[in-house]
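Worksheet: one structure, shown below.
The values are calculated or read from the model by the stated rules, or taken from the named source; none is laboratory data. These numbers were taken from a predicted model, which means no experiment stands behind them. For neighbour counting, all protein chains shown are included, and Cβ atoms are generated from backbone atoms with ideal geometry for every residue, glycine included.
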Amino acid sequence: MQLPTDIADRLRTLDQPSIVQAWHSLDDQGQQRLLQQMRSIEWSLVSECLSLSKPGDPVPQAASLSWLHQARSPQALLMGSSSNHVLPCDALRTGRHALSRGAIGAILLAGGQGTRLRAHGPKGCYPIGPVSKASLYEILCGKLLAVARRYGRNVPLAVMTSCATDDDTRQYFENHSFFGLNSHHVFFFCQQEVPVLHATDKQFMLETPDHIAMAPDGHGGMLTSLAHRGGLDWFVSKGVEQLVSFQVDNPLIEPLSAEFLGYHLLSKAEMTTQVVRKENPRERVGVIVERDRTFQIVEYSDLPHLIADERLSNGCLRFSCGSIAVHCFDISFMIRMSHNRSALPFHVVHKAVPLLLSNGTIQVPENPNALKFERFIFDLLPQAERVSVVEVDRNNCFAPLKNPLGSQSDGPEHVQRSMLAKARAMMESAGVHVDDGIPIEIDCAHILDVDDIPHFIAPGTRMTAPTVVGRSIPISITVSETFHKTQGN
Ligand code: UTP
């Protein structure tokens, strides 16, 4: 079959001869499949991305960082601190009021391919609970359920998936009865995809001989996809005024903390973002920087080491606010931004993508070999009229799952250790003693905070067996067994 002229013209304009060659080597059925895929590609996005990756061009975001020399770390509101210009008790009262009015909605970003974790299926299905083996989805939905119970209002939740995760995610929610959430208050939407390019010759990569390798358009794809698929209208119809977005890979997260929401509301911010103090200069988190009341997040991979290492005279890092990707948006800001086509530009991201060799075998590279194109949701920060930054305690709020078991950082064992430590600290605060070495997990669906613990365990109790607090029956398996079992998944 001849390649249809419109597609052939497009490929010529985009300088993609290798895909034309691949086409000619296919049989009829293969050509049909490849044609069908090419007909579904959003070519305007592809042109935008390719314009970022012309051979020899500098990586655009790295080139524009000279202004960092005049920037500083923003003044963050510290959770629980009475030295904030907004008092924690006022923030709490305001946040609680908003939750009890049903004015808060949530967006769970779960479209990533989770390549580093190398687990089968969507990352959200990963059984991370150190005692319960609850999945990330169960834990995160549990947190929304606990909020809904406490405040007597459903929290509308939009879940962003991608082609890689959509079917499995929807099925997983169905199979688990939406983890107790009201299914009418859950909205799935699938983000867009763009082709992946070879890093060297900038040609499309093939996933199979008749399928171009595609990747989701980054967590920033959330804005357009949510708007196009009717998600913003859906939130408005549910009475939502503020939206909190968060990532699927952090089970410690406290996205709907009433105090956090209160700071956002009382600061009259269009966007408020949670940060932790960076642990070390090279920690792999984006930093928030401020210049002339304009805020921006600079990805760790774009922050030159010399700048990342800089310290102030008091010894603190010059850029110390590490983003944990929990953002609260005024919904009218989101709606305004959804009409602004240039609000979220594409970034080039270097990733390791499996390579189809000419002999038909797949090679999984150790190092980045490909260019992906992603939008970053935090690029909305500089567009917001008013921004506030809230510093949270990393021990309570940050343990991302990025890497497989046995990695040096951000692996399942690190995340589970953090979950156990947080649960132990909560039990101690509730006056419950946990014997050394006994793993305790909190059932997030039933325990929103320390105040809920006495409903399940009386102060003064001594815990001597592995337990999921919030579930009535202690679970008698050890943590090392759990590690072992998750390894097989
Ligand atoms: P990461 O950038 O860590 O990517 O995503 P990832 O897909 O989880 O993992 P790798 O890089 O392939 O190993 C951070 C968060 O943003 C979401 C992810 O699902 C995760 O919650 N995300 C990322 C999306 O929703 N869509 C994307 O296109 C990219």
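Which members of region 74-115 meet the condition of being within 16 Å of the ligand (Cβ to nearest atom) and among the small types (Gly, Ala, Ser)?
Listed by number, the residues that qualify are ALA106, ALA110, GLY111, GLY112, GLY114.
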Worksheet item: Just checking, which of ASP217, ASP210 is in contact (Cβ under 8 Å) with a residue 40 or more places away in the chain and within 14 Å of the ligand (Cβ to nearest atom)?
Response: ASP217
Item to complete: Within region 323-341, count every residue that is part of a strand (DSSP E or B) and more than 14 Å from the chain's Cα centre (by Cα).
Response: 2
Worksheet item: Tell me, which residue of region 220-234 that is in contact (Cβ under 8 Å) with a residue 60 or more places away in the chain and touching a Phe, Trp or Tyr at 6+ places or on another chain (Cβ under 8 Å) is farthest from TRP43 (Cα to Cα)?
Response: TRP234
Worksheet entry | Selection from region 304-341 of residues that are of a type in the set (Val, Ile, Thr) and surrounded by fewer than 21 Cβ atoms within 10 Å (Cβ to Cβ) | ILE307, ILE331, ILE335
Response to the item:
When region 220-241 is checked residue by residue, the ones that are surrounded by 23 or more Cβ atoms within 10 Å (Cβ to Cβ) and either of a type in the set (Val, Ile, Thr) or away from the ligand (no atom under 16 Å from the Cβ) (or both) are PHE235
Worksheet entry | Selected residue (only one of GLY129, GLY124 is under 23 Å from SER257 (Cβ atoms) and away from the ligand (no atom under 16 Å from the Cβ)) | GLY129
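Say whether the condition of being over 16 Å from ARG386 (Cβ atoms), out of contact with any Pro (no Cβ under 9 Å at 6 or more places or on another chain) and in contact (Cβ under 8 Å) with a residue 40 or more places away in the chain is met by at least one residue in region 263-273.
For region 263-273, residues over 16 Å from ARG386 (Cβ atoms), out of contact with any Pro (no Cβ under 9 Å at 6 or more places or on another chain) and in contact (Cβ under 8 Å) with a residue 40 or more places away in the chain: absent.
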Worksheet item: Do we find a residue being more than 16 Å from the ligand (Cβ to nearest atom), part of a loop (DSSP other than H, G, I, E, B) and farther than 24 Å from ARG417 by Cα anywhere in region 276-294?
Response: yes
Worksheet entry | Restricting region 350-404 to residues that are outside any strand (DSSP E or B) and of a type in the set (Ser, Thr, Tyr), the residue that is farthest from the ligand (Cβ to nearest atom) | SER358
Worksheet item: Assuming CYS141 fulfils every condition listed in (1) within 16 Å of the ligand (Cβ to nearest atom); (2) of a type in the set (A, V, I, L, M, F, W, C); (3) at pLDDT 95 or above; (4) farther than 22 Å from GLY470 by Cβ apart from one, which condition is it?
Response: (4)
Worksheet item: Could you say whether any residue in region 162-179 is away from the ligand (no atom under 16 Å from the Cβ), in contact with a helix residue (DSSP H, G or I) (Cβ under 6 Å, 6 or more places away or on another chain), more than 27 Å from SER44 (Cβ to Cβ) and in contact (Cβ under 8 Å) with a residue 12 or more places away in the chain?
Response: yes
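Evaluate the following for ARG153: is it away from the ligand (no atom under 16 Å from the Cβ) and part of a loop (DSSP other than H, G, I, E, B)?
yes
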Discussion item. Looking at region 454-471, I want the residues that are without any contact (Cβ under 8 Å) to a residue 40 or more places away in the chain and part of a loop (DSSP other than H, G, I, E, B) and have a partner that is surrounded by 13 or more Cβ atoms within 10 Å (Cβ to Cβ) and among the charged types (D, E, K, R) with Cβ atoms under 8 Å, at least 6 apart or on another chain. Which pairs are those?
Written reply: GLY470/ASP443; GLY470/ASP452
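Using the structure shown, decide if THR486 is of a type in the set (Ser, Thr, Tyr), at pLDDT below 95, surrounded by fewer than 21 Cβ atoms within 10 Å (Cβ to Cβ) and closer than 30 Å to MET214 by Cα.
Judged against the criteria, THR486 is a match.
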Practice prompt. Kindly indicate whether LYS143 is part of a helix (DSSP H, G or I) and of a type in the set (Lys, Arg).
Written response: yes
Practice prompt. Take region 117-140 and flag every residue that is under 21 Å from GLY221 (Cβ atoms) and part of a loop (DSSP other than H, G, I, E, B).
Written response: LEU117, GLY121, PRO122
Practice prompt. Would you point out the residue of region 342-380, among those that are surrounded by 20 or more Cβ atoms within 10 Å (Cβ to Cβ) and within 26 Å of GLY239 (Cβ to Cβ), that is nearest to the chain's Cα centre (by Cα)?
Written response: ILE377
Practice prompt. Report whether or not TYR137 is farther than 23 Å from ARG375 by Cα and within 18 Å of the chain's Cα centre (by Cα).
Written response: yes
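Evaluate the following for GLU259: is it touching a strand residue (DSSP E or B) at 6+ places or on another chain (Cβ under 9 Å) and within 16 Å of the ligand (Cβ to nearest atom)? It would help to see each step written out before you state the result.
Numbers: touching a strand residue (DSSP E or B) at 6+ places or on another chain (Cβ under 9 Å): yes; within 16 Å of the ligand (Cβ to nearest atom): no.
Spelling it out, it is not the case that GLU259 is touching a strand residue (DSSP E or B) at 6+ places or on another chain (Cβ under 9 Å) and within 16 Å of the ligand (Cβ to nearest atom).
Take the conditions closer than 26 Å to HIS264 by Cα, small (Gly, Ala, Ser), within 16 Å of the ligand (Cβ to nearest atom) and assigned to a strand (DSSP E or B) and apply them to SER245. Does it pass?
yes
May I ask you to verify whether ASN395 is out of contact with any Gly (no Cβ under 6 Å at 6 or more places or on another chain) and within 30 Å of LEU206 (Cα to Cα)? Steps first, answer last, please.
Details: out of contact with any Gly (no Cβ under 6 Å at 6 or more places or on another chain): yes; within 30 Å of LEU206 (Cα to Cα): no.
Judged against the criteria, ASN395 is not a match.
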